[in-house]
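A.B. asks: Please find one structure pasted underneath; my questions will follow.
The values are calculated or read from the model by the stated rules, or taken from the named source; none is laboratory data. Note that this is a predicted model, so its numbers are computed, not measured. A quick note on method: Cβ atoms are made from the backbone with ideal geometry, for glycine too, and the neighbour counts reach across all protein chains shown. Calculation scope for accessible area: heavy atoms of the full protein, side chains included, ligands and nucleic acids excluded. Shrake-Rupley method; radii C 1.70, N 1.55, O 1.52, S 1.80 Å.
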Amino acid sequence: MTFTELDPMKKYETSLRRKHIHQGVVTSIETHTPFGISMQCAIIDLGEDIKGMIHEDHFDKQQFRSLVGFIDHTVDFMVLDSKKLGADTDDIQVFDREKGIVLLSRVQALEELQEEFWDTAEEDHICTGTVSGFEEERIYLLVKGVVCILPISDYEYDWTPSGKNLLPLGTQVTVKVKKIDREKKRVTVTRKELLEDPWNRVRERFKQGDFHRGIITSVVENTGIFIKLCPGVESLAWFPNRVPSHGELVGKTVSVKIGKVDLEARKIKSKIVHFPHEIVG
């Protein structure tokens, strides 16, 4: 039996010296006083009856009202390097063998990952990020500790109304680096460019003179009615002679006759021939 097996803390002492970055799942949020101040701590089960503890000041540079939302999320971490805090190791007990606790830092791990990202990142690289936030027009992904922007228009070919609640926090998304502004430390990524462009199959799917069903997505005065034929492909139909006056048109299913198809301009003209009808079942 090795000394490490006798003392499981030993491998985390080695991890501290070698600045290893680990990943683990947040199993719970507890309140502790690691520095004499009561605060929330994210708990990670390190195995062998060892509890990893990330106090809120070292979970993220951004202050969260609560860490509860991170339960069951996989996070990067490393053993807390108290020397980087300008503190004497005697003042901070990183390894508590009696209680089986190791203090960890997600912030320090992200700083190491960020340095690696900026040293190696290039446009057109494919990477995997974790959803860390969202707004109406964008989703924020954490890629190697760097917050990257995924515009909602670059999420998919289909029209997506909002980035809010589109994906749960912690969801992993594969994207391509679209633009890097090193001066502003700003990275824009795209998911859409990794998907098949639905217009590649338009010629074989929607032939002039054929009939298809579609869903009305919008009605624009003096322009016409936009109808989604499939995700990412819409046609424009002029107002028919008889437009039903009852109910909201958006969301209704209609039958259309395909007119002119312009692949270069990505436009399809159509004529509504059955307006509207509901598809049941």
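A.B. asks: Can you pull out every residue in the stretch 59-75 that is surrounded by 10 or more Cβ atoms within 10 Å (Cβ to Cβ) and touching a residue at least 24 places away in the same chain (Cβ under 8 Å)?
C.D. replies: If the condition is that a residue be surrounded by 10 or more Cβ atoms within 10 Å (Cβ to Cβ) and touching a residue at least 24 places away in the same chain (Cβ under 8 Å), then F59, D60, K61, L67, V68, G69, F70, I71, D72, H73, T74, V75 are the ones that fit.
A.B. asks: Quick one: V177 ticks every box in (1) open to solvent by less than 30 Å² (accessible area, probe 1.4 Å); (2) touching a helix residue (DSSP H, G or I) at 6+ places or on another chain (Cβ under 7 Å); (3) at pLDDT 95 or above except a single one, so which number is it?
C.D. replies: Unmet condition: (2).
A.B. asks: Regarding the stretch 104-115, can at least one residue be identified that is at pLDDT below 90 and either open to solvent by less than 60 Å² (accessible area, probe 1.4 Å) or under 28 Å from D181 (Cβ atoms) (or both)?
C.D. replies: no
A.B. asks: More than 21 Å from I71 (Cα to Cα), surrounded by fewer than 12 Cβ atoms within 10 Å (Cβ to Cβ) and either modelled with pLDDT under 95 or among the aliphatic types (A, V, I, L, M) (or both): does that describe I126?
C.D. replies: It is true that I126 is more than 21 Å from I71 (Cα to Cα), surrounded by fewer than 12 Cβ atoms within 10 Å (Cβ to Cβ) and either modelled with pLDDT under 95 or among the aliphatic types (A, V, I, L, M) (or both).
A.B. asks: What number of residues within the stretch 141-158 are in contact (Cβ under 8 Å) with a residue 60 or more places away in the chain and open to solvent by 30 Å² or more (accessible area, probe 1.4 Å)?
C.D. replies: Result for the stretch 141-158: 3.
A.B. asks: As an exercise: evaluate G232 against (1) open to solvent by 50 Å² or more (accessible area, probe 1.4 Å); (2) at pLDDT 90 or above and give the number of the one condition it does not meet.
C.D. replies: (1)
A.B. asks: Quick check on my filter: what residues within the stretch 25-44 are farther than 12 Å from L103 by Cα, open to solvent by 10 Å² or more (accessible area, probe 1.4 Å) and outside any loop (DSSP other than H, G, I, E, B)?
C.D. replies: Correct list: V25, T27, S28, I29, E30, T31, M39, Q40.
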